[in-house]
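Report on the following structure.
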């Protein structure tokens, strides 16, 4: 039976607890990674994710919130005492740990040394190789958060937090789905400001000088970013009748962790790493 060591990423990037948040952010962008183990003189003391960097800076004490991220040490936003797993553990054991601790990645430790990282993406690859007869419709989440393409990013984030969702489907006025926004793109988009504040955009508008419209002048209005500014489009969908393992292979091939489930023109659910991990844990 294949183990965690057969699917984990190794070697991995790490960061020291006193290094700045900016270095963690740069590593994540450059190497397309979602989390970093945090070390103190070679010993694992924490873990930091994309989500942590934004949410915890916003919640931090005022003296930290006012500093640029090249001056804030990673220890301010990291999670201390992270869960770890051994290389010879089964993928089902890793899945159970992820569910119990509501996490999507676990450092892999051997004799006190971090030797890899197993993540939800690795779970997807593992699941795609299994002999499982379940269909997408059997496993999908049926509750899908929806937002309008002109909803502000702040509104979308509030709705995600309220409903405990990691993604939102973006709709047009005529209720046609046009894109998807994930928590990762919301909290760690390149559209975020240098201090991870919600960015704005400038739009040019034209105003008539008088009702007769003889003269016109242009002015610039500053508005918040909205869902369509950071959504992923076009949407990749899967049918409810497709085999779940085939859907997992599509996720792995396209380097995504979830996609809407479509029946005709309707979105009826969402199939993601969350459902995959739950099924791996159930199958044991």
Report summary line: Most packed first (mean Cβ within 10 Å per residue), the peptides 240-251, 266-277, 162-173 order as 266-277, 240-251, 162-173
Query raised in the report: Distance in nm between label sites at residue 111 and residue 16, each 7 Å beyond Cα in the beta-carbon direction?
Result: 2.5 nm
Query raised in the report: Quick one: length gained pulling residue 102 to residue 158 fully straight, 0.36 nm per residue minus the C-alpha distance?
Result: 18.2 nm
Query raised in the report: How much length is gained if the chain between residue 9 and residue 233 is pulled fully straight, taking 0.36 nm per residue apart and subtracting their Cα-Cα distance, in nm to one decimal?
Result: 77.8 nm
**Report entry** Gain in span if fully extended, residue 150 to residue 263, counting 0.36 nm per residue against the direct Cα distance
**Finding:** 38.1 nm
Report task. With a Förster radius of 25 Å, plug the Cβ-Cβ distance of residue 176 and residue 243 into 1/(1 + (r/R0)^6) and report the FRET value to the nearest 0.05. Result -> 0.35
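Bear in mind that the values in this text are calculations on the coordinates, not laboratory data. Computed from a prediction, not measured in an experiment: that's the story for all the values here. Glycine also receives a Cβ, built like all others from the backbone with ideal geometry; neighbour counts cover every protein chain displayed.
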